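Take a look at the structure set out below.
Bear in mind these aren't lab numbers, they're just calculated from the coordinates by the rules spelled out. On a predicted model such as this, the values are computed, not experimentally measured, just so you know. All Cβ positions, glycine included, derive from the backbone under ideal geometry; neighbour counts span all protein chains shown.
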């Protein structure tokens, strides 16, 4: 981390995740990492706990440069994919605690001090996450076309202000209702989520935009599932997808992932 020329700024320390391992985690086969960052390496944080880090050159990871990068969706996507790839690589080897994208510290020593600060809490978190994996579920309900009674459809406005006002109010009510899930739809979707929740160790409800005209009802959750029950989980999800499909709803599942939504992540600071 030192440079012969003291005028050259020291690189910052970029952190991907924490890994629990008796020995230093092997970097063999690890992905390249974030664009512009150094090669991944293991930084000791506490006994049996390592941070997977990389050098972050100041010309690429200064606050000013990062602000520019954040304005470019494609650039952010490249960083996010590389960040996730590194975490998922080590997740295949053992328990990990993912850190947020662009977690940066001014130096290795600063990262070690802050990450080791909650040593007992980090160990407890590792103990809770051991043998668990995250699955994401998204359910898109079938759109419910607004219907109008036959008398309404055949009625013709008589040109009066009253009939025009009634027509506009009726149209507004239909527009407001369009896209909103029916009680039956909510019951069907809720039953599926409840069935999955019974298999999972923990569940986190996800937020989606509310339904509106042209936008369907979408809901879902992240589930923390025991790896040993993966086959049970996948079988249940497949059954539920078939049942919902018969009702013209769509269930999408992704995983297994590291426990991205079930960790309290340390915040980086420059």
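Using per-residue counts of other Cβ atoms within 10 Å, averaged over each peptide, order 96-108, 203-215 from highest down. Can you show the working numbers first?
Working: 96-108: 19.8, 203-215: 12.7.
The most tightly packed comes first, giving 96-108, 203-215.
Can you tell me how the stretch 25-91 classifies by the Cα gyration tensor, rounded, prolate or oblate, using a/c under 1.5 as the rounded cut? Working shown, then result.
On the way: a/c = 2.47, a/b = 1.70, b/c = 1.45.
Prolate, because a/c is 1.5 or more and a/b exceeds b/c.
Using 7 Å Cα-to-Cβ label points, what is the residue 109/residue 124 separation (nm, one decimal)?
If labels sit at residue 109 and residue 124, their model points lie 3.1 nm apart.
How far apart, in nm, are two points set 7 Å out from the Cα along the Cα-to-Cβ line at residue 182 and at residue 195?
Distance between the two pseudo-spin positions: 2.0 nm.
Please report how far the C-alpha centroid of the stretch 217-242 lies from that of the stretch 56-73, rounded to the nearest whole angstrom.
38
Ranked highest first by average number of other Cβ atoms within 10 Å, how do 68-81, 187-200, 32-45 line up? Numbers along the way, then the final one.
Numbers: 68-81: 12.1, 187-200: 15.7, 32-45: 17.6.
Order by mean packing, descending: 32-45, 187-200, 68-81.
Listed highest first by mean packing, meaning other Cβ atoms within 10 Å per residue, what order do 85-93, 50-58, 224-232 come in?
Values: 85-93: 18.3, 50-58: 21.8, 224-232: 14.1.
With the highest mean Cβ count within 10 Å placed first, the list reads 50-58, 85-93, 224-232.
Once you order the gyration tensor axes a ≥ b ≥ c over the Cα atoms, which shape class does the stretch 12-130 get: rounded for a/c under 1.5, otherwise prolate or oblate by comparing a/b with b/c?
On the way: a/c = 1.90, a/b = 1.55, b/c = 1.22.
Prolate is the answer for the stretch 12-130, as a/c is 1.5 or above and a/b outweighs b/c.
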